[in-house]
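Q: I'd like to ask you about the structure that follows.
The values are calculated or read from the model by the stated rules, or taken from the named source; none is laboratory data. Treat the numbers as computed from the prediction; the structure is a model and nothing was measured. Neighbour counts are summed over all protein chains in view; Cβ atoms, including those assigned to glycine, are modelled from backbone coordinates with ideal geometry.
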Amino acid sequence: MRALLIKLATLALALTGLGTSSSTWAQDARLEDRVRAAFLYNFARFTQWSTPHTDRQLGFCVAGDADLLDTLRTTIRGKNINGHTLLAFDAELIDIETQCDVLYVGSSAAANVLETVATRTLLVGEGRGFAQSRGMVGFVLQQERLRFVVNPQHVEQAGLKLSAELLSLADIVSPLETSL
Amino acid sequence: MGLHRVTRKPIARLSQLWASALLVLSTQATAQDFAALPDDLTELPLEQLLMIQVTSVSRVSQPLSEAPAAIQVIPGERLRQMGARHVSDALRLAVGLQVARINGRSWAIASRGFNSALSDKLEVRLDGRSLYTPLFSGVLWEFQDIPIELIEHIEIIRGPGAALWGANAINGVINIITRKAQAEDGARVHAVVGEDQRHELQAEQSLNLGEKSALRLFARQAEWRALTLGDDSQGEDARRIHSLDLQANSTRPGKTNWRVSVNATEANMQSPQAAEGTLEQMQGAAINAQWALQRNPRNGWQLDLQADYFDRDIPGYYGEIRQQLGTEIRHQRAFGTHHDALFGLSYRRSEDQIRNSALVIFNPDSAALDTLTVFAQDRIQLSERVELTLGARLERNDFTGWETQPNVRLAWTLSPSSLIWAAYSRAARAPNRIDRDWIIPGPQPGQFFIVDNDSFDTEKARFSEIGLRHQLSAQLLFDVSLFHAHYTDMRGLSANAEGLGIVSNEGRGESHGLEALVNWRPLSDVQVELGYSYFDLSLHARPGSLDTSIESNNQTDPRHQAWLSTRWQATADVHTEVDLRYVGPLPDLGTDSYTEMDVFIHWQTTQHLSAYAGGRNLLSDNHAEFNDGSAHRVPRSAELGIRWSF
């Protein structure tokens, strides 16, 4: 069996090549981040901005999660939404107010990241609490799957509109919950 | 109890104890669980993104389709649809396990062979707490009767999981995960009446405990009839169980999560060993606290604290009081982009007091066993498609000191839809009280059939495994694994220098087998699962050994088993299921092969009320599963149930 294992390993390495370039590593991202990135892309697809930042680009910004940013870049590469080119930025290196149509706030993002947010940015973060307090969409891990919670009030206040299709799959934050 | 019984019964039982062999049951994870995902997840509709399982069994988050091991996951929902009433019903669905009902109250359950009432090579965990008793390193299934309604899912790992799961996980691991408490669940009642299981009543109430925290109280009462014996007389094996479960949990992604569960169980059972007019009784309680901090998918901490107590009494025969304390801490972290490591440290103390009798003696009659464990694993991304996992567990037990259990696993993703994996593991089963301290007295004072043996050593196994998981199309999934195991120092009965019988370690041998599963969805509302397993075990006493028990006790597992499960979601509200299974003969027990069928129909009448009806073992009046047909026979039976939430 040992011989077989070694043979298998050698074969596998020979076929795939050990010294693959760094770009292929981006595809090795953990599944959870890949799912998050796919959700972010879909959130943008199902959101209507009353006043888009620019007509040609749609900016995704990520604060406090470098791994997700990498994964997101891979995910959106070569895609567009309604003709808008998709771009991904590190929120700490960019003017959030003018560049970010979607802002993902990671668990380790700086506390003040939300202070500079324009009203028309879709705010996505972690947990129901994020959607209750300031955010619009919060990821929750439920039964080993990623679900999301939406706060329609905050979405509306920002002048955004989420499609019924997206809302039908979301867990909704009730107004009562946020007032308590 | 007459003298003749004193002398003969233990021997009959003994012959069942030492055994060997393997196999499997059906299947279940939905196609989705195993489905290879597309590289670009944005191709999936949102509904499917919501269904992707993002954490899993190898303790480091990893999708099942990539796990380099023989793994099957049975979702709790599936168990409820198929009318499972005991965990054994669920395990019958798992390819690669041997599940047999011994009588109305006991089960023999093993993975990859060696099945017996005292199966000792399978680790079973409930929310991380090991359920085995160090008395015989096995599970008292009649007492560890986990309510099906509470199960979120069951993970079954065939083959050694010892590097991560401990010295019992020599041939397999079963992880039973219960549902988290959720305030939205509200109040529910579930009632069942039937022919085999007389009735079962369950009630639960969930409450909000503040932000992201909830509490659930769950009460259960169930009663099972005695089975009929081969001569049409009634067995002494009826069982009644009451249990109470309390769980509180808090879930905050990216922050700390905690869960505390408390269980209290009482069981009363008929027992042929119990003194005339008395019942076997068991009472127990367990508390389990888990605290976890998952900073991100690749970095986290988890701390577990566990304590449990039980008192088992078979009046006039034997009694056991056991108190256990356990703790485990583990840390998962990434080193660069190529390494995902896991470290752990655990400690368990198990104290017992045995009530000896003229029939069974443990010497000493009370013991405190400590087990200390250190384990580590590194998952190394060798290339875009090849992942190597190196793991090892160092475990110290009070009988034999340190045992080392290493394993190496390789996963090779051939394409997004297929994966080949291979593994080599060494595993050990540490001695337990039965191995070392058990005495069976003879009919005359000073006469003994079996005396204690302080030199009983660890049983050892070396496993080589290889598997393929292939998604042929969106509707068709194929999963196969092959294994070969080499065993040394296996348990048997021999004689010491004085010519007295002892539990000895003089067996050695090999097993090999195949487990295959096809999951086919011919129509969107029809799912077909076809499973087959082959198992062969050959054990012999080593040359020069006086052991004569092994030769006649290593064919207690079916060589062939097959499953065919068809599920049809007839309408949005009606689900039907037909499960067929074939189990080959067990030569050393004289058990014939059998083919049986279960049929269940589920009807969601309103949002709050559902009803189901079903029949089990419909193809014959009754059949024996773990004896030569003269003893307990499992009957055809009908069942009705309702679930009501409000």
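Q: Please determine whether any residue of region B:329-341 is touching a Ser or Thr at 6+ places or on another chain (Cβ under 6 Å), modelled with pLDDT under 95 and of a type outside the set (Ser, Thr, Tyr). Before the answer, list the steps.
A: First, pick out the residues of region B:329-341 that are touching a Ser or Thr at 6+ places or on another chain (Cβ under 6 Å): none.
No.
Q: Quick one: in region B:383-400, of everything that is more than 16 Å from B:ARG426 (Cβ to Cβ) and without any contact (Cβ under 8 Å) to a residue 40 or more places away in the chain, which residue is farthest from the other protein chains (Cβ to nearest Cβ)?
A: B:ASP398
Q: Being among the acidic types (Asp, Glu), touching a residue at least 40 places away in the same chain (Cβ under 8 Å) and over 30 Å from B:VAL503 (Cα atoms) is the filter here; which residues of region B:543-595 pass it?
A: Within region B:543-595, B:GLU577, B:ASP579 meet the criteria.
Q: On to the next question. Provide a single number: the residues in region B:465-482 that are surrounded by 18 or more Cβ atoms within 10 Å (Cβ to Cβ), at pLDDT below 90 and of a type in the set (S, T, N, Q).
A: Within region B:465-482, residues that are surrounded by 18 or more Cβ atoms within 10 Å (Cβ to Cβ), at pLDDT below 90 and of a type in the set (S, T, N, Q) number 1.
Q: Shifting gears a bit: What do you reckon, is A:THR24 at pLDDT below 90, in contact with a Lys or Arg (Cβ under 7 Å, 6 or more places away or on another chain) and facing chain B (nearest Cβ under 7 Å)?
A: The answer is no for A:THR24.
Q: Going by the structure shown, is B:PHE335 more than 30 Å from B:GLN234 (Cα to Cα) and aromatic (Phe, Trp, Tyr)?
A: Details: more than 30 Å from B:GLN234 (Cα to Cα): yes; aromatic (Phe, Trp, Tyr): yes.
In short, yes.
Q: So, one more: Checking A:GLY135 against (1) crowded, with 19+ Cβ neighbours inside 10 Å; (2) small (Gly, Ala, Ser); (3) within 12 Å of another protein chain (Cβ to nearest Cβ); (4) closer than 18 Å to B:ARG252 by Cβ, which test does it fail?
A: Every condition holds for A:GLY135 apart from (3).
Q: Among the residues of region B:305-318, write down those that are in contact with a strand residue (DSSP E or B) (Cβ under 6 Å, 6 or more places away or on another chain) and either within 14 Å of chain A (Cβ to nearest Cβ) or not charged (D, E, K, R) (or both).
A: Passing the criteria: B:LEU305, B:GLN306, B:ALA307, B:TYR309, B:PHE310, B:ILE314.
Q: Sticking with this one: Of all residues in region A:74-92, which are of a type in the set (Gly, Ala, Ser) and within 24 Å of A:GLY106 (Cβ to Cβ)?
A: A:ALA88, A:ALA91
Q: Here are some residues: B:LEU477, B:LEU530. Which one is aliphatic (A, V, I, L, M) and either within 14 Å of chain A (Cβ to nearest Cβ) or in contact with a Lys or Arg (Cβ under 8 Å, 6 or more places away or on another chain) (or both)?
A: Going through B:LEU477, B:LEU530 in turn, the sole match is B:LEU477.
Q: Just a yes or no: is a residue in region B:384-397 more than 20 Å from B:LEU164 (Cβ to Cβ), in contact with a Ser or Thr (Cβ under 8 Å, 6 or more places away or on another chain) and assigned to a loop (DSSP other than H, G, I, E, B)?
A: Let us first name the residues in region B:384-397 that are more than 20 Å from B:LEU164 (Cβ to Cβ), namely B:384-386.
Narrowing further to those that are in contact with a Ser or Thr (Cβ under 8 Å, 6 or more places away or on another chain): B:384-386.
Then keep just the ones that are assigned to a loop (DSSP other than H, G, I, E, B); that gives B:384-385.
Yes, that holds for at least one residue.
Q: Follow-up question, since we're still on this one. Residues to consider are B:ALA169, B:ALA181, B:ALA187; find the one that is touching a helix residue (DSSP H, G or I) at 6+ places or on another chain (Cβ under 7 Å) and over 17 Å from B:ALA84 (Cα atoms). Explain how you work it out, then say what you get.
A: Working: B:ALA181 fails: touching a helix residue (DSSP H, G or I) at 6+ places or on another chain (Cβ under 7 Å); B:ALA187 fails: touching a helix residue (DSSP H, G or I) at 6+ places or on another chain (Cβ under 7 Å).
Within the list B:ALA169, B:ALA181, B:ALA187, the selection yields B:ALA169.
Q: Could you go through region A:43-50 and let me know if any residue there is surrounded by fewer than 24 Cβ atoms within 10 Å (Cβ to Cβ), within 14 Å of another protein chain (Cβ to nearest Cβ) and more than 16 Å from B:THR42 (Cα to Cα).
A: Kept after step one, since they are surrounded by fewer than 24 Cβ atoms within 10 Å (Cβ to Cβ), are these residues of region A:43-50: A:43-50.
In the following step, the residues that additionally are within 14 Å of another protein chain (Cβ to nearest Cβ) were identified as A:43-47.
Imposing the further condition that a residue be more than 16 Å from B:THR42 (Cα to Cα) reduces the set to none.
No; the residues of region A:43-50 include none that is surrounded by fewer than 24 Cβ atoms within 10 Å (Cβ to Cβ), within 14 Å of another protein chain (Cβ to nearest Cβ) and more than 16 Å from B:THR42 (Cα to Cα).
Q: So which residues in region B:212-233 are touching a residue at least 24 places away in the same chain (Cβ under 8 Å) and either on the phi > 0 side of the Ramachandran plot or not in a strand (DSSP E or B) (or both)?
A: Passing the criteria: B:LYS212, B:ARG225, B:ALA226, B:LEU227, B:GLY230, B:ASP231.
Q: List the strands (runs of 3 or more DSSP E) that sit entirely inside region B:539-604 and contain at least 2 residues that are crowded, with 21+ Cβ neighbours inside 10 Å and touching a Gly at 6+ places or on another chain (Cβ under 7 Å).
A: Because the criterion is at least 2 residues that are crowded, with 21+ Cβ neighbours inside 10 Å and touching a Gly at 6+ places or on another chain (Cβ under 7 Å), the strands (runs of 3 or more DSSP E) in region B:539-604 that meet it are B:560-569, B:594-604.
Q: What are the residues in region B:60-72 that are at pLDDT below 80 and either surrounded by fewer than 20 Cβ atoms within 10 Å (Cβ to Cβ) or closer than 22 Å to B:VAL95 by Cα (or both), if any?
A: Within region B:60-72, B:GLN62, B:PRO63, B:LEU64, B:SER65, B:GLU66, B:ALA67 meet the criteria.
Q: Only residues that are within 14 Å of chain A (Cβ to nearest Cβ) and among the small types (Gly, Ala, Ser): list them for region B:273-304, please.
A: B:ALA292, B:GLY300, listed by residue number.
Q: Does region B:245-256 contain any residue that is at pLDDT 95 or above, in contact with a helix residue (DSSP H, G or I) (Cβ under 7 Å, 6 or more places away or on another chain), part of a strand (DSSP E or B) and crowded, with 16+ Cβ neighbours inside 10 Å? Give the derivation first.
A: The initial filter retains those residues of region B:245-256 that are at pLDDT 95 or above, namely B:245-248.
Cutting the leftovers down to in contact with a helix residue (DSSP H, G or I) (Cβ under 7 Å, 6 or more places away or on another chain) gives us B:245.
If we keep only those that are part of a strand (DSSP E or B) as well, we get B:245.
Retained after the next criterion (residues that are crowded, with 16+ Cβ neighbours inside 10 Å): B:245.
Looking for residues that are at pLDDT 95 or above, in contact with a helix residue (DSSP H, G or I) (Cβ under 7 Å, 6 or more places away or on another chain), part of a strand (DSSP E or B) and crowded, with 16+ Cβ neighbours inside 10 Å, one finds at least one in region B:245-256, hence yes.
Q: Filtering region B:424-436 down to residues that are part of a strand (DSSP E or B) and surrounded by fewer than 22 Cβ atoms within 10 Å (Cβ to Cβ), which residue is farthest from the chain's Cα centre (by Cα)? Break it down into steps so the answer makes sense when it comes.
A: Keep residues of region B:424-436 that are part of a strand (DSSP E or B), which gives B:424-429.
With surrounded by fewer than 22 Cβ atoms within 10 Å (Cβ to Cβ) added as a condition, the list becomes B:424, B:426.
Details: B:TYR424: 22, B:ARG426: 20 Å.
Here the residue is B:TYR424.
Q: Moving on. Name the strands (runs of 3 or more DSSP E) wholly within region A:83-171 that hold at least 1 residues that are free of Cβ contacts under 8 Å to residues at least 40 places away in the same chain and not polar (S, T, N, Q)?
A: Passing ranges, in order: A:84-90, A:122-126, A:137-142, A:145-150.
Q: Is it the case that region B:348-367 has a residue that's crowded, with 20+ Cβ neighbours inside 10 Å, within 22 Å of the chain's Cα centre (by Cα), away from chain A (no Cβ under 14 Å) and of a type in the set (Phe, Trp, Tyr)?
A: No; the residues of region B:348-367 include none that is crowded, with 20+ Cβ neighbours inside 10 Å, within 22 Å of the chain's Cα centre (by Cα), away from chain A (no Cβ under 14 Å) and of a type in the set (Phe, Trp, Tyr).
Q: May I pose another question? Being hydrophobic (A, V, I, L, M, F, W, C), more than 18 Å from B:LEU164 (Cα to Cα) and either touching an Asp or Glu at 6+ places or on another chain (Cβ under 7 Å) or crowded, with 20+ Cβ neighbours inside 10 Å (or both) is the filter here; which residues of region B:368-383 pass it? Before the answer, list the steps.
A: Taking region B:368-383 first, the residues hydrophobic (A, V, I, L, M, F, W, C) are B:368-369, B:372, B:374-376, B:380, B:382.
Of the ones still in play, those that are also more than 18 Å from B:LEU164 (Cα to Cα) are B:368-369, B:382.
Once the filter is applied, which keeps residues that are hydrophobic (A, V, I, L, M, F, W, C), more than 18 Å from B:LEU164 (Cα to Cα) and either touching an Asp or Glu at 6+ places or on another chain (Cβ under 7 Å) or crowded, with 20+ Cβ neighbours inside 10 Å (or both), region B:368-383 yields B:ALA368, B:LEU369.
Q: Evaluate region A:153-167: report whether one residue or more is at pLDDT 85 or above and among the basic types (Lys, Arg).
A: yes
Q: Testing B:GLU280 on (1) surrounded by 17 or more Cβ atoms within 10 Å (Cβ to Cβ); (2) touching a residue at least 60 places away in the same chain (Cβ under 8 Å); (3) farther than 30 Å from A:PHE148 by Cα; (4) not aromatic (Phe, Trp, Tyr), one condition comes back false. Which one is that?
A: (2)
Q: Follow-up question, since we're still on this one. Working carefully through the options B:TRP402, B:TRP421, find the one that is assigned to a strand (DSSP E or B) and buried (at least 16 other Cβ atoms within 10 Å of the Cβ). Explain how you work it out, then say what you get.
A: Details: B:TRP402 fails: buried (at least 16 other Cβ atoms within 10 Å of the Cβ).
Among B:TRP402, B:TRP421, only B:TRP421 is assigned to a strand (DSSP E or B) and buried (at least 16 other Cβ atoms within 10 Å of the Cβ).
Q: What is the number of the single condition among (1) within 21 Å of the chain's Cα centre (by Cα); (2) at pLDDT 90 or above; (3) not in a strand (DSSP E or B) that B:ALA485 does not meet?
A: Result: B:ALA485 passes all but (3).
Q: To continue, here is another question. What is the residue count in region A:88-112 for residues that are of a type in the set (A, V, I, L, M, F, W, C) and more than 16 Å from the chain's Cα centre (by Cα)? Before the answer, list the steps.
A: Residues of region A:88-112 that are of a type in the set (A, V, I, L, M, F, W, C), as a first pass: A:88-89, A:91, A:93-94, A:96, A:100, A:102-103, A:105, A:109-111.
Next cut, more than 16 Å from the chain's Cα centre (by Cα) only: A:93-94, A:110-111.
Final tally of qualifying residues: 4.
Q: Confirm whether B:LEU244 is of a type in the set (A, V, I, L, M, F, W, C) and touching a Ser or Thr at 6+ places or on another chain (Cβ under 7 Å).
A: No, not satisfied.
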